[in-house]
Amino acid sequence: MNTSTSFQENDIGLVQSIERTESESPVFRVDKTLRSLSSEEMDISPESPRYSVDTIRRLNRAITRKIPKRVVEELINERQNLVKKKFSEGLTQKEEKRLIFVNWQLDRVDDAETGDEMDRLEKMIELYENFAEDIDNMRKWFISTK
Amino acid sequence: MIWLNGLLAVPTIGIRIKPHYGDMQVFENQIAKFIDYISKNFDELKIDKLGSWGYKIEPKESGYRFHIEPHNIVAHFSYAVVQKPIAGGFPTFKIPKLQSFQELQSILVKYIKAILELFDSLTDFSYDRIGLIADMTLEKDSIPPGIINWLEDLSKTIKGDIIMMDSTFLVELNNSDKYNEKCFHYAKYDNTKPEIGYEIKLDWQREFHDKMKLNSKKMYTVLDDCITSSLEYFKNFGEGV
């Protein structure tokens with residue numbers, strides 16, 4: 001039975017992130033000092049992979065995208081009701097905490113839908129900014145050598 | 001929906017057992033039957049001996065791992081990266097299909113129940129603890145508000161910014177006539193190595209005051225109850241309730 005999913009679209013990124021992690025610290029780290037149930041019963045750490053933050057972000061987004069639409073709609077409705085109540089009669093401490101959590105969860109859903117594109121856009125902006133800086137430096141150099 | 005389902009979180013289920021050494025041959029026979037059972041679902045199994053009577057069973061490239069030994073039954077899942085060599089090209093990397101925490105946990109429960117059913121013949125074996133773990137590595141933006149609050153509270157009494165943390169807190173949650181419940185809260189991060197992320201682990205346990213007979217039918221109910229209680233605790237902890 002094949003349970004694997006190919007991450008072809010992210011393969012290069014995944015390879016890079018794994019290479020980066022390998023060069024900076026061991027991927028499979030053994031930490032036996034602070035294990036509780038697992039230290040007594042099994043050492044789960046040596047074979048548990050340690051992903052880079054970029055990979056974690058991408059995997060988290062992929063999992064978040066699996067949240068059913070029905071659940072997201074329920075969260076949106078719940079947020080609307082809590083916000084309405086906040087401005088009409090105020091919220092209890094428990095409801096305040098719930099509103100913070102619902103906002104966080106919906107932010108994660110938004111990030112899962114648009115985050116990859118926003119990251120790409122951010123990188124493009126960074127490239128253009130660097131390019132503009134290079135052009136500016138070149139212009140200054142031409143002026144100074146006149 | 002519990003917040004764990006929207007994050008890269010993996011489950012572990014552990015049961016601490018007390019063996020009866022007169023039945024160790026039966027114990028090993030029953031493990032062999034479990035190996036037969038899971039071999040129907042997976043093409044290749046990696047099996048290692050653990051001590052004199054225990055076994056570590058790992059369906060290859062699946063992420064599942066089982067440790068069955070005289071003192072413990074443990075089922076664990078992790079997203080293991082598998083390297084696929086390509087002749088004349090760069091290797092590609094695959095990870096098992098992404099699933100929510102509760103989906104993965106329910107699969108582990110199915111396997112644990114299969115083991116318990118096979119162990120019904122070990123009439124003199126008993127158990128005294130059930131543990132359920134949620135293990136996750138997060139980037140800063142994806143940490144749920146309850147855990148952010150917890151980490152911030154820990155640093156409140158310390159002057160200056162915390163650069164590195166490696167802490168375990170054991171909290172007693174409930175103490176009744178029959179059992180007590182506790183949870184280890186483990187947090188580790190290092191801001192000097194931002195490429196690593198935040199390692200968070202919640203290790204919920206119910207420990208019985210008296211040893212209980214290994215009886216699958218009774219244990220199914222207890223296990224389901226432990227899962228409900230632990231998920232409720234994890235949910236509230238992440239939400240900051």
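No lab work stands behind these numbers, since they all come straight from the coordinates. What you see is a predicted model; the values in this text were computed from it and never measured. A quick note on method: Cβ atoms are made from the backbone with ideal geometry, for glycine too, and the neighbour counts reach across all protein chains shown.
Brief remarks follow.
- Between B:E152 and A:E95, the simple spin-label model (points 7 angstrom out along Cα→Cβ) gives 2.2 nm.
- Number of partner chain Cβ atoms within 10 Å, mean per residue of B:139-147: 5
- Fluctuation leader among B:S176, B:S100, B:S62 - chain B, Gaussian network, Cα springs under 10 angstrom: B:S176
- In Hz, Karplus ³J(HN,Hα) per residue of segment B:8-19 (6.51, -1.76, 1.60; θ = phi - 60°; x = Gly, Pro): 7, 10, 10, x, 9, 10, x, 10, 8, 10, 10, x
- With neighbours defined as other Cβ atoms within 10 Å of a residue's Cβ, the residues B:S39, A:S144 order from fewest to most as A:S144, B:S39.
- Springs join every pair of Cα atoms under 10 Å in this Gaussian network model of chain B, and among B:D128, B:D23, B:D141 the largest mean-square fluctuation is at B:D141.
- Assigned charges on the beta-carbon of Lys, Arg, Asp, Glu; chain B dipole about Cα centre (debye): 420 debye
- Cα extents for chain B along the principal axes, largest to smallest and rounded to whole angstrom: 64, 59, 33.
- HN-Hα J in Hz across segment B:208-214 - Karplus 6.51, -1.76, 1.60, θ = phi - 60°, x for Gly and Pro: 8, 5, 10, 5, 10, 5, 6
- Inter-chain shielding of B:11-19 (mean C-beta neighbours from other protein chains, 10 Å cut-off): 2
- Which of A:F101, A:G115, A:L127, positive extreme of dipole for segment A:69-146 (C-beta unit charges): A:F101
- Cα shape, segment B:73-179, gyration tensor, a/c 1.5 rule: oblate
- For residues of B:67-73, the mean tally of beta carbons on other chains within 10 Å: 2
- Relative pair counts by distance (%), Cα atoms of the protein assembly as shown, 20 Å bins: 24, 52, 20, 3, 1
- Kyte-Doolittle at least -0.5, axis length at least 24 Å by Cα - qualifying DSSP helices, chain B: B:101-118, B:216-239
- GNM on chain B, alpha-carbon springs under 10 angstrom: the most fluctuating residue among B:I17, B:I158, B:I143 is B:I158.
- About its Cα centre, the protein assembly as shown has a charge dipole of approximately 460 debye under the convention of +1 per Lys or Arg Cβ and -1 per Asp or Glu Cβ, with nothing else charged.
- Amide N proximity, segment B:105-148 versus B:S176 label position 7 Å along Cα-to-Cβ, cut-off under 19 Å: B:127-132
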